[in-house]
Amino acid sequence: MNNLIVDGCNPSNWDSPTVYAHMIEGGVAAANATTAIWEGLQSSIDVLSGWHRRFREEADTVLQVRTTDDIRKAAETGRAGVILGWQNISPIENDLERLEVFRVLGIRIVQIAYNVRNLVANGCYEPNDDGLSTFGLRAVEKLNEMGMLIDLSHVGDRSSRDAIEASERPVAFTHIGLREYSDHPRNKPAELIRACVERGGVVGANAFPSFLPGKWDADLEEYLDSLERLVEVAGVANVGIASDFCEGRDMPFWDYLRRIHGTTATVPPEVPDPNPRIKGLAGSHELPRIAEGLSARGYADDDIAAVMGGNWLRLFDEVWT
């Protein structure tokens, strides 16, 4: 089975050549690569400088994705297509006009909050979600203007609803599960998922194990169950895949993730190893096993192609123009 594969979210260590090798081995044409979580303006610029050097020096392996044609080109040439994305809007600090610069540098996917409250919205772990701020409403407007996809995966429920309703373009939950299937703050309720897809959005079925019922014992079959539950709610034309892999990461990375705004210490990370993954998906090289599993469950080839990458392409085509 030969599908064009797009990974809705991959926060791996992108300095590791193994990550690209696994993408190429698995036929993953593109991944939404996390390039900012808590970074501010200067540190994010430094990160992107490194990326652009990599795109130049390793052009035979890595291709920057600015358009869906770039994703198709990566697939045709056997390279790893990288979509530069943020899991937090923190790099702009308090100035929306900086999105102009980051658009030119290639940022195409922007999550508006990561777990906790910022100037724009509330994260999914905040005890109270007051929805989008005035600044947040302007941020949605500016992201629409820039043709940047709005991601709501780590965003609180009310803030997500506000963003869906305020956005003139479709938005995404790039890496989530259905909360009614697995009750976790990082998963989204059916009513929010329906609101997202009714406006043309896409939801990425998250393979991170702790968001599945079996948690660290979750396997590929359980992930496929989770994906199917999303299909039941959103429809097969609106569901993609999202590995949430952390290939090449170390435990200090997790300590950094768990700090509030990257600085204030919280509880230690509760992960069994630096790259938590479900049994049956060891890395990007094994993502085609999802297609094989869907085929075994009776999915038609066209529907499998849509879930593996086609639905993401449709959304990117609409938003990035």
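Is it the case, given these coordinates, that Ala190 is among the aliphatic types (A, V, I, L, M), out of contact with any Phe, Trp or Tyr (no Cβ under 8 Å at 6 or more places or on another chain) and more than 30 Å from Glu145 (Cα to Cα)?
The answer is no for Ala190.
Can we say Asp70 is open to solvent by 50 Å² or more (accessible area, probe 1.4 Å) and either within 24 Å of Asn206 (Cβ to Cβ) or at pLDDT 95 or above (or both)?
Judged against the criteria, Asp70 is not a match.
Please work out which residue is most open to solvent (accessible area, probe 1.4 Å), limiting yourself to the range 244-298 and to residues that are part of a helix (DSSP H, G or I) and hydrophobic (A, V, I, L, M, F, W, C).
Ala296
Here is a list: Asp162, Asp219. Which entry is touching a residue at least 24 places away in the same chain (Cβ under 8 Å), among the charged types (D, E, K, R), touching a Lys or Arg at 6+ places or on another chain (Cβ under 6 Å) and open to solvent by 10 Å² or more (accessible area, probe 1.4 Å)?
Asp219
Looking at the range 105-118, is at least one residue part of a helix (DSSP H, G or I) and open to solvent by less than 20 Å² (accessible area, probe 1.4 Å)?
Checked against the condition, which is being part of a helix (DSSP H, G or I) and open to solvent by less than 20 Å² (accessible area, probe 1.4 Å), the range 105-118 yields no hits at all.
Could you check the range 137-152 and list, in sequence order, the residues that are crowded, with 24+ Cβ neighbours inside 10 Å and more than 17 Å from Gly200 (Cβ to Cβ)?
Ala139
Restricting attention to the range 73-102, report how many residues are open to solvent by 10 Å² or more (accessible area, probe 1.4 Å), part of a helix (DSSP H, G or I), small (Gly, Ala, Ser) and under 19 Å from Leu4 (Cβ atoms).
Within the range 73-102, residues that are open to solvent by 10 Å² or more (accessible area, probe 1.4 Å), part of a helix (DSSP H, G or I), small (Gly, Ala, Ser) and under 19 Å from Leu4 (Cβ atoms) number 1.
Just one of the numbered conditions (1) of a type in the set (S, T, N, Q); (2) open to solvent by 10 Å² or more (accessible area, probe 1.4 Å); (3) farther than 29 Å from Glu145 by Cβ; (4) touching a strand residue (DSSP E or B) at 6+ places or on another chain (Cβ under 6 Å) is not true of Asn238; which one?
If we test Asn238 against (1) of a type in the set (S, T, N, Q); (2) open to solvent by 10 Å² or more (accessible area, probe 1.4 Å); (3) farther than 29 Å from Glu145 by Cβ; (4) touching a strand residue (DSSP E or B) at 6+ places or on another chain (Cβ under 6 Å), just (3) comes out false.
The values are calculated or read from the model by the stated rules, or taken from the named source; none is laboratory data. Remember, it's a predicted structure, so these values are computed and weren't measured experimentally. Positions of Cβ are backbone-derived with ideal geometry, glycine not excepted, and every protein chain shown enters the neighbour counts. Quick note on the areas: whole protein, heavy atoms, side chains included, nothing else; ligands and nucleic acids left out. Shrake-Rupley method; radii C 1.70, N 1.55, O 1.52, S 1.80 Å.
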